[in-house]
Amino acid sequence: MLSRRLTRKDYRVITAKSGREALTLLETEPIDLVLLDLMMPGMDGIEVLGHIRKRFSMAHLPVIVVTAKSEREHLVEAFDAGANDYISKPIDFEVLLARTHSHIEHRHLELSLRASEAQYRDLFDHASDLIFSFNAAGELLYFNPSLERSSGFSTEELRQTSCFKLFSAPQQSWETLLQETRRSDGSSQLELLLKTAKGTDLFLEGNLSARKRQGNLEAYRGIFHDISARKQAENMKNAFVSMVSHELRTPLTSIHGSLSLLLKGLAGPLNPDMTELLDISHRNSERLIFLINDILDIEKMEAGKMDFRFERLSLRELAEQALINNQAYADQYQVTYHLVAGPIAAWIWGDRERLNQVLANLLSNAAKFSQPQGQVELTLTAGEKATYRLTVTDQGSGIPGAFRSQIFTKFAQADNSNTRSKGGTGLGLVISKEIIEKHGGKLDFWSEPGHTRFYFDLPPAEEK
């Protein structure tokens with residue numbers, strides 16, 4: 001009767017005439033639920049249930065005991081043996097159907113949860129990142145194999161080691177770090193040092209978060225990756241920058257100055273051949289100085305050490321002076337500069353030298369990529385959202401579409417012979433963008449063949 005009625009409800013039902021037959025079916029059939037009579041010939045239901053529980057947990061294979069009133073005294077024994085539920089005879093089919101559906105759904109959810117847990121466990125175990133959790137006392141609660149491999153400590157050694165001794169935070173104390181992590185109600189991005197079993201230090205970068213339950217701290221969780229190789233490269237870069245600063249810039253500046261004096265004839269008259277050679281040397285030394293200065297500016301920018309001296313400035317006067325200062329550079333490309341500005345002073349708060357650096361970069365780029373006898377316009381207007389805008393416009397070949405997404409990245413130059421022949425470091429626009437953003441502004445561009453505009457917006461002095 002149960003078989004027929006459950007089949008009509010789209011369940012696939014397999015029946016067994018004895019306990020042994022049932023156990024045999026469990027070896028070969030994918031069973032979701034067992035309806036088990038207690039009183040059966042040969043092996044009774046309690047014994048069958050005992051065998052089932054040796055192989056399957058209650059969550060993995062639920063068992064509903066079907067019992068008559070005369071057998072109710074065996075229910076406690078059945079639950080002790082691992083029954084999930086029971087239904088009494090005579091059977092209320094609607095109740096049985098509801099319980100059957102509930103247990104099967106619960107089993108499927110349990111299996112899905114276990115599969116998901118196994119998947120995450122596999123990711124956890126095979127992640128290259130170091131993942132760990134610890135309590136307020138610094139005791140490691142769990143950690144993945146990457147922490148064992150990186151530290152060189154065994155599982156038992158890590159469990160006996162305080163997290164506060166295993167890791168150190170170079171910038172602050174653990175007490176301060178944990179306080180900030182709790183206050184942030186989220187996570188903290190930071191660097192840690194891992195002291196390995198060999199006594200060496202590994203540089204780690206990652207995320208530390210506070211796990212809370214019902215508003216109370218439960219534990220701290222860290223996900224970090226090894227950046228020792230990157231740190232080594234940064235140290236090499238810093239050593240190179242220091243060498244550039246101290247060992248190259250000073251003698252190069254002296255060479256450039258000496259060449260300037262020779263070209264001015266202060267050491268005596270020069271014949272045309274000598275003048276041409278000295279001029280080539282002078283221009284190349286100047287390019288090297290620009291490269292060195294740009295590299296040093298990038299280094300300061302990345303280290304957050306770029307200095308700014310803000311004062312109240314007239315953007316119009318700044319623009320006028322920039323054209324005068326850079327016209328000699330434009331002359332070598334037979335290009336003229338022209339200022340377009342209405343009766344607007346445009347007072348801002350800014351660093352005069354840094355803004356001159358931005359304008360020099362934009363104006364020199366415009367001159368380089370203009371046609372001979374061309375004109376570059378510097379326009380001062382009102383910008384967006386109550387700002388002032390300076391725009392540098394040229395009629396050059398334009399910026400290739402494929403290159404536009406890279407234009408504000410380091411050492412970026414469009415890859416064509418015309419562009420490469422113009423020279424440059426590929427750092428000027430990166431530095432300019434950083435300078436403008438430090439002024440609370442925005443630097444952007446628009447380009448099409450024969451027309452390119454670079455512009456930046458700055459807030460007025462009144463808003464400072």
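The values are calculated or read from the model by the stated rules, or taken from the named source; none is laboratory data. The structure presented is a predicted model; accordingly, all values stated were derived computationally and were not measured. Cβ: placed from backbone, ideal geometry, glycine included. Neighbour counts: every protein chain shown.
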Requested in this report: Taking the options GLU311, GLU276, GLU317, GLU302, name whichever one is exposed (fewer than 15 other Cβ atoms within 10 Å of the Cβ) and either at pLDDT below 80 or among the hydroxyl-bearing types (Ser, Thr, Tyr) (or both).
Outcome: GLU302
Query raised in the report: Only one residue in SER242, SER254, SER228 is under 30 Å from LEU194 (Cα atoms), hydroxyl-bearing (Ser, Thr, Tyr) and loosely packed, with under 14 Cβ neighbours inside 10 Å, so which one is that?
Result: SER242
Query raised in the report: Taking only pairs six or more apart or across chains, which ones have beta-carbon atoms under 7 Å, a first residue in segment 438-461 that is without any contact (Cβ under 8 Å) to a residue 40 or more places away in the chain, and a second residue that is assigned to a helix (DSSP H, G or I) and buried (at least 17 other Cβ atoms within 10 Å of the Cβ)?
Result: LYS442/ILE436
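Okay, residues lined up against (1) of a type in the set (D, E, K, R); (2) exposed (fewer than 12 other Cβ atoms within 10 Å of the Cβ); (3) not assigned by TED's automatic domain parsing to the domain that holds GLU218:
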site: GLU105; (1), (2), (3): yes, yes, yes
site: LEU141; (1), (2), (3): no, no, no
site: ASN144; (1), (2), (3): no, no, no
site: LEU147; (1), (2), (3): no, no, no
site: GLU156; (1), (2), (3): yes, yes, no
Query raised in the report: Looking at ALA98, is it among the aliphatic types (A, V, I, L, M), at pLDDT 90 or above, surrounded by fewer than 19 Cβ atoms within 10 Å (Cβ to Cβ) and under 53 Å from the mean Cα position of the chain (by Cα)?
Result: yes
Report task. Being of a type in the set (Lys, Arg) and at pLDDT 90 or above is the filter here, so list the residues in segment 166-197 that pass it. Result -> LYS195
Query raised in the report: Which of the residues belonging to segment 23-44 are of a type outside the set (A, V, I, L, M) and either outside the structural domain of LEU96 (by TED's automatic domain parsing) or farther than 20 Å from ILE104 by Cβ (or both)?
Result: THR24, GLU27, PRO41, GLY42, ASP44
Requested in this report: Might you let me know whether segment 158-167 holds any residue that is aromatic (Phe, Trp, Tyr) and not in a helix (DSSP H, G or I)?
Outcome: yes
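Mind counting the residues in segment 124-152 that are in a helix (DSSP H, G or I), over 24 Å from the mean Cα position of the chain (by Cα) and of a type outside the set (Lys, Arg)?
The total comes to 2.
May I ask you to list the residues in segment 221-257 that are within 21 Å of the chain's Cα centre (by Cα) and either farther than 30 Å from SER285 by Cβ or aromatic (Phe, Trp, Tyr) (or both)?
Those that are within 21 Å of the chain's Cα centre (by Cα) and either farther than 30 Å from SER285 by Cβ or aromatic (Phe, Trp, Tyr) (or both): ARG221, GLY222, ILE223, PHE224, HIS225, ASP226, ILE227, SER228, ALA229, ARG230, LYS231, GLN232.
Residue-by-condition table, conditions (1) in the same structural domain as GLY440 (by TED's automatic domain parsing); (2) touching a strand residue (DSSP E or B) at 6+ places or on another chain (Cβ under 9 Å):
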{"position": "SER285", "(1), (2)": "no, no"}
{"position": "PHE290", "(1), (2)": "no, no"}
{"position": "ARG316", "(1), (2)": "yes, yes"}
{"position": "ALA322", "(1), (2)": "yes, yes"}
{"position": "ASN325", "(1), (2)": "yes, no"}
{"position": "ALA328", "(1), (2)": "yes, no"}
{"position": "THR336", "(1), (2)": "yes, yes"}
Report summary line: Going through segment 414-455 in order, the residues found to be at pLDDT below 60 and surrounded by fewer than 17 Cβ atoms within 10 Å (Cβ to Cβ) are ASP415, ASN416, SER417, ASN418, ARG420, SER421, LYS422, GLY423
**Report entry** The one condition in (1) over 29 Å from ARG4 (Cβ atoms); (2) in contact with a Phe, Trp or Tyr (Cβ under 9 Å, 6 or more places away or on another chain) that GLU139 fails to fulfil
**Finding:** (2)
Report summary line: Going through segment 18-29 in order, the residues found to be more than 15 Å from GLU47 (Cα to Cα) and exposed (fewer than 13 other Cβ atoms within 10 Å of the Cβ) are GLU27, THR28, GLU29
Requested in this report: Could you tell me whether segment 369-387 includes any residue that is touching a helix residue (DSSP H, G or I) at 6+ places or on another chain (Cβ under 7 Å) and not aliphatic (A, V, I, L, M)?
Outcome: no
Query raised in the report: Cβ-Cβ below 7 Å, separation at least six or inter-chain, first residue in segment 329-341 and surrounded by 12 or more Cβ atoms within 10 Å (Cβ to Cβ), second of a type in the set (Asp, Glu) and outside any helix (DSSP H, G or I): which pairs?
Result: VAL340/GLU377
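Residue-by-condition table, conditions (1) assigned by TED's automatic domain parsing to the domain that holds ILE295; (2) aliphatic (A, V, I, L, M); (3) surrounded by 16 or more Cβ atoms within 10 Å (Cβ to Cβ); (4) out of contact with any His (no Cβ under 7 Å at 6 or more places or on another chain):
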residue: SER162; (1), (2), (3), (4): no, no, no, yes
residue: PRO170; (1), (2), (3), (4): no, no, no, yes
residue: SER173; (1), (2), (3), (4): no, no, no, yes
residue: LEU190; (1), (2), (3), (4): no, yes, yes, yes
residue: THR200; (1), (2), (3), (4): no, no, no, yes
residue: PHE203; (1), (2), (3), (4): no, no, yes, yes
residue: ALA210; (1), (2), (3), (4): no, yes, yes, yes
residue: MET236; (1), (2), (3), (4): yes, yes, no, yes
Report summary line: All conditions in (1) at pLDDT below 90; (2) outside any strand (DSSP E or B); (3) touching a helix residue (DSSP H, G or I) at 6+ places or on another chain (Cβ under 7 Å); (4) not β-branched (Val, Ile, Thr) are true of LEU208 except (2)
